[in-house]
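**Q** Below is the structure I would like to discuss, written out as structure tokens.
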Amino acid sequence: MTRRLLFAAACLLAGLPAAAPAQDAPFASASCPVPAGVLGYPVWVRAEGAEVDSAYLHALAGALARRWEPPSPRRGTFPGLERLRNRLQPPEPRMPDDWTPQARHTARVQATLVAGGRPGDPRIVQGSGDRGFDRTLSTAFHDGAPGAPDLPRLPAGLDSLRVTVGFGIPPEAGAQTARFAAQQEGVRVITLDVRTNPVSRRDGPVGMAPGGSEVAVIKYDVDENGRVDPGSIELLQGGRGGLAGAIRNGLATARFQPAVSNCRPIPLTVVQRFGRR
């Protein structure tokens, strides 16, 4: 006898699916083509007291934007997410599908980068007034989002560098900017069928959620044609009793609507929670 697996179609790196916003936010469009005045949420970097190559500042802005973990109510519901080490980096950074920045979500932060060391604690010099948002800003400088790129090394000859980083603020003179996607859609399921055998009691408690439900958190990559790369599938949490194998088999024949950024399909990493009772 087999049992069909119920999966939680929520994700931090790609939504499965995400609800469309009721109206466009100031930094994003809900439809294509993107209006000319909607440029995407900016993260910019300016060096303080030093002449630094613009290419380095541009790379630093891109890394900080991808390392930042914007607010996400669902992030904490994915056990094992901290184990994620490899994920695709889309052409533009993307916001979590369960949070959209509003006009008030702006800040200016200063930090000191140190050659071969951890950056000093960032200091918010202009906050948003939203404490939940402001608390996330330090993630860009410290541990960063799971699977995010490292900060680029300081240019040769510099032991430290003081930088100002703007979040959601128009770029200032001398700054280099990375912009989040002005329009995005998450990966959506077309067909995905996972069937498993009943789990023996002796297989628990690992991979079991409170109340006796078995769970697995799986990472996989969906290409721009809606196909899963079999080599990208990783088990992050749970998956006892053959559950992980059943999910792999299901993903091998699954079809998805690919993610979209700035009105074009892109490959994207998905982190998904599967479960059954």
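Where a number appears in this text, it was derived from the coordinates with a stated rule and is not lab data. Only a predicted model underlies this, so the values are computations on that prediction, with no experimental measurement involved. Reconstructed Cβ throughout: ideal geometry from the backbone, glycine too, with neighbour counts over all protein chains shown.
**Q** Measuring from label point to label point, each 7 Å out along Cα→Cβ, what is the residue 115 to residue 156 span in nm?
**A** Here the answer is 1.1 nm between the modelled labels.
**Q** Would you please put 217-229, 44-56 in order of how densely packed they are, using the mean number of other Cβ atoms within 10 angstrom per residue and starting with the highest?
**A** Output ranking for 217-229, 44-56: 217-229, 44-56.
**Q** Kindly rank 28-37, 185-194 from highest to lowest mean number of other beta carbons found within 10 Å of each residue.
**A** Ranking, from highest mean packing down: 185-194, 28-37.
**Q** Read phi for every residue in the stretch 157-166 and hand back ³J(HN,Hα) as whole Hz from Karplus 6.51 cos²θ - 1.76 cosθ + 1.60, θ = phi - 60°, with x for Gly and Pro.
**A** Karplus-based 3J(HN,Hα) across the stretch 157-166 equals x, 10, 8, 7, 8, 8, 10, 10, 10, x Hz.
**Q** Would you mind checking which residues have amide H under 5 Å from residue 236's amide H? H placed 1.01 Å from N; only 5 or more apart, or other chain.
**A** Long-range HN contacts for residue 236: 217, 218, 219.
**Q** Quickly rank 111-119, 65-73 as a protection proxy: mean count of other C-beta atoms within 10 Å, highest first.
**A** Ranking, from highest mean packing down: 65-73, 111-119.
**Q** What is the calculated FRET efficiency for residue 89 to residue 264, with r their C-beta to C-beta distance and R₀ = 22 Å, to the nearest 0.05?
**A** Calculated transfer efficiency: 0.90.
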